[in-house]
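Have a look at the structure below before the remarks.
Throughout, read-outs are computed from the coordinates displayed, never taken from laboratory work. What you see is a predicted model, and the numbers here were worked out from it, not measured in a lab. Ideal geometry is used to build each Cβ from the backbone, glycine not excepted, and the neighbour counts take in all protein chains shown.
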Amino acid sequence: MENKEANIYETDELVGQYCDFQYGDEYFGVTNFAKACAQKAIAYTKDIQQTKALDLGCATGYASFELAKVYEYVDGIDYSQAFVNVGRQLQQTGRISYTQNGEGEIKNRKEVTIDDFGFGEASRKVHFYQVDACALAPEFKGYDLIMATNLIDRLYQPHLFLKRIHEKLNAHGVLVLTSPYTWKEEYTAKEFWVGGYRDVNGNEISTLDGLKEMLGENFELIATEDVPFVIRETPRKFQYTISQMSVWKKKF
Ligand SMILES: C[S@@+](CC[C@H](N)C(=O)[O-])C[C@H]1O[C@@H](n2cnc3c(N)ncnc32)[C@H](O)[C@@H]1O
């Protein structure tokens, strides 16, 4: 990644927001997104070996812990050191505290413990790393499941991840992606968008089309489904988004 200092995911504001998103209350009846995605990924892999999983772009780690309730070994990888530190702290000390926005300049301190989520035993099976998803080292390999939720449209060059990720999966392993496909030039230069643009003939290229193009050689698309999520910004401002989950089975 080119500009680590400007990485929004290193800021206190986003650390607080993601702690609340992953470990805080549910809003408008929408299930915790990290929990929903991990449980769906577990269900999509129930007929294959469930030994080793990778949660790529794991943020503050909730889904990595949830996967470890079933998987024997889970790597949680994120580019943000501040996010990875939250997962490690919960694992090592059994608790985290974070700042939640109130009105205006008011900030409230919230605290959660590992027992609030039943992660105590599972947490020992999780390994967190601050690593770039576009440049994964050779030792990250041999996974039965790779999950990357809401990651692709935040990568600086998503094709670097998408074109190589099959090498990291075991035969018949499963790749679970989710994304709301909110492409923005501040994260991804337009030339690298997987979809959300018109081609030279004026045809609309959707991100799912782009994913089929990039992943089709090595994967079969086995399912898509919508997964909603709510991120709390302030007591009266929430982002309500519908992410698309796509599930890809490695061909060989
Ligand atoms: C929109 S958040 C999604 C977080 C979480 N997976 C979720 O579903 O809520 C994007 C995440 O991707 C991480 N990220 C962005 N670029 C990355 C990269 N090159 N390598 C690894 N993680 C990256 C960010 O730090 C952030 O945690």
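Here are the numbers for this structure:
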read-out	value
Residues satisfying the stated conditions in segment 125-142, i.e. within 11 Å of the ligand (Cβ to nearest atom), under 14 Å from residue 164 (Cα atoms) and either more than 18 Å from the chain's Cα centre (by Cα) or hydrophobic (A, V, I, L, M, F, W, C) (or both)	133, 134, 135, 136
Residue 31 being in contact with a Leu (Cβ under 9 Å, 6 or more places away or on another chain) and either over 21 Å from residue 132 (Cα atoms) or among the charged types (D, E, K, R) (or both)	no
Condition check for residue 144: of a type in the set (Asp, Glu), crowded, with 16+ Cβ neighbours inside 10 Å and at negative phi	yes
Restricting segment 33-64 to residues that are of a type in the set (S, T, N, Q) and more than 19 Å from residue 120 (Cα to Cα), the residue that is farthest from the ligand (Cβ to nearest atom)	49
Members of segment 97-106 that are touching a residue at least 40 places away in the same chain (Cβ under 8 Å) and loosely packed, with under 12 Cβ neighbours inside 10 Å	102, 103
Unique residue being within 21 Å of residue 74 (Cα to Cα) and among the hydroxyl-bearing types (Ser, Thr, Tyr) when the list is 197, 143	143
Residue in segment 92-106 that is near the ligand (Cβ under 10 Å from one of its atoms) and hydrophobic (A, V, I, L, M, F, W, C) present	no
Test result for residue 33, in contact (Cβ under 8 Å) with a residue 40 or more places away in the chain and more than 27 Å from residue 156 (Cβ to Cβ)	no
Hits in segment 99-120 (condition: farther than 25 Å from residue 39 by Cα and touching a helix residue (DSSP H, G or I) at 6+ places or on another chain (Cβ under 6 Å))	99, 100
Failed condition for residue 200, given (1) in a loop (DSSP other than H, G, I, E, B); (2) loosely packed, with under 13 Cβ neighbours inside 10 Å; (3) within 21 Å of the chain's Cα centre (by Cα)	(3)
Residue under evaluation residue 238, criteria (1) within 16 Å of the ligand (Cβ to nearest atom); (2) loosely packed, with under 12 Cβ neighbours inside 10 Å; (3) farther than 18 Å from residue 149 by Cβ; (4) not hydroxyl-bearing (Ser, Thr, Tyr), criterion not met	(2)
Residue 186, sole failed condition from (1) more than 28 Å from residue 135 (Cβ to Cβ); (2) without any contact (Cβ under 8 Å) to a residue 12 or more places away in the chain	(1)
Residue selected from segment 212-225 under the condition touching a His at 6+ places or on another chain (Cβ under 9 Å) and aliphatic (A, V, I, L, M), by the criterion surrounded by the fewest Cβ atoms within 10 Å (Cβ to Cβ)	214
For residue 209: the one exception among (1) surrounded by fewer than 17 Cβ atoms within 10 Å (Cβ to Cβ); (2) within 16 Å of the ligand (Cβ to nearest atom); (3) not aromatic (Phe, Trp, Tyr)	(2)
Qualifying residue in segment 163-171 (condition: surrounded by fewer than 19 Cβ atoms within 10 Å (Cβ to Cβ), free of Cβ contacts under 8 Å to residues at least 24 places away in the same chain and farther than 21 Å from residue 67 by Cα)	no
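Results for (1) among the charged types (D, E, K, R); (2) closer than 30 Å to residue 136 by Cβ, shown as yes or no for each residue.
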| position | (1), (2) |
| --- | --- |
| 43 | no, yes |
| 46 | yes, yes |
| 99 | no, no |
| 106 | no, no |
